[in-house]
Amino acid sequence: MPGIQNFEAGEGFIRTYDLIEALRDDVHTAFEVLESDKQNQYLRRSVVRAVFSHIEALIESVKVEIRSSLRIEKTNFELSKKEKELLGSLSPISKDKGRQLPLEQNLKSTFKLAAKVWDLDFQLNTDGEDYRDFIVAKSYRNKLTHPKTYYDVQVTDDDMHYYAVAATWVQQEFHRLFKARVDNLEAYIDKYLVD
């Protein structure tokens, strides 16, 4: 049975940083282990699973931060119905984590909402080759997780390239989003709190 936080023992409601770190370590470990047997299909599929678990966790952690901001900070706008469905309940202990969207739509909508809520001049970089490689990796991952033929579960050398790029691109965009958030907060502090 999956672990459950023990509130009586002082364990917190949300541990997104630990989640991200654990899954990032899974990605690194999966690639390291694959180095010892590069043609092993099981190890290649393990990389794919690790990469996309990490990507899903990064998206959810952005949502957690957006929910937190909406609970704590005053906003001068209302969320649209779609934005509310994307986020789900703002309560940190609610089981309603929002509507399940296809990965690409979830990623784009979540980052766009983060920029809106945090008042950032940020747009997800979807114009480059890395984003196109992410889309290819996602489509290959979909075949792998919903196989119809033997070939759907075979991970080629080219596929591995797409998975590596997808992992790197999403992590870079995640870091870029939070750097924009930190820069925005620093500018706010400089403007309003520094003499």
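The values are calculated or read from the model by the stated rules, or taken from the named source; none is laboratory data. Everything numeric in this text was worked out from a predicted model, so none of it was measured. Note that we place each Cβ from the backbone using ideal geometry, even for glycine, and neighbour counts take in every protein chain shown.
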Across the range 119-129, the tally of residues that are of a type outside the set (A, V, I, L, M, F, W, C) and buried (at least 18 other Cβ atoms within 10 Å of the Cβ) stands at 0
Under 9 Å between Cβ atoms, which residue pairs at least 6 apart in sequence (or on different chains) link something in the range 43-72 that is over 14 Å from L19 (Cα atoms) with a partner that is among the acidic types (D, E) and not in a helix (DSSP H, G or I)?
L43/D37
By residue number, the members of the range 29-53 that are under 19 Å from E173 (Cβ atoms) and in contact with a Lys or Arg (Cβ under 7 Å, 6 or more places away or on another chain) are F52
Looking for something charged (D, E, K, R), out of contact with any Lys or Arg (no Cβ under 6 Å at 6 or more places or on another chain) and part of a helix (DSSP H, G or I) - is there at least one such residue anywhere in the range 88-103?
no
Hey, can you tell me all the residues within the range 145-195 that are under 21 Å from D127 (Cβ atoms), surrounded by 13 or more Cβ atoms within 10 Å (Cβ to Cβ) and of a type in the set (D, E, K, R)?
E173, R176
For V51, state whether it is more than 22 Å from A166 (Cα to Cα), modelled with pLDDT of 90 or more and buried (at least 18 other Cβ atoms within 10 Å of the Cβ).
no
Pull up the range 2-48, narrow it to residues that are among the acidic types (D, E) and in a loop (DSSP other than H, G, I, E, B), then point me to the one that is modelled with the lowest pLDDT.
E11
Test R141 against the criterion of being without any contact (Cβ under 8 Å) to a residue 12 or more places away in the chain and in a helix (DSSP H, G or I), and give yes or no.
no
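Only one of E56, E78, E104, E65 is over 17 Å from F174 (Cβ atoms) and either crowded, with 16+ Cβ neighbours inside 10 Å or at pLDDT 85 or above (or both). Can you tell me which?
Checking each option against the conditions leaves just E78.
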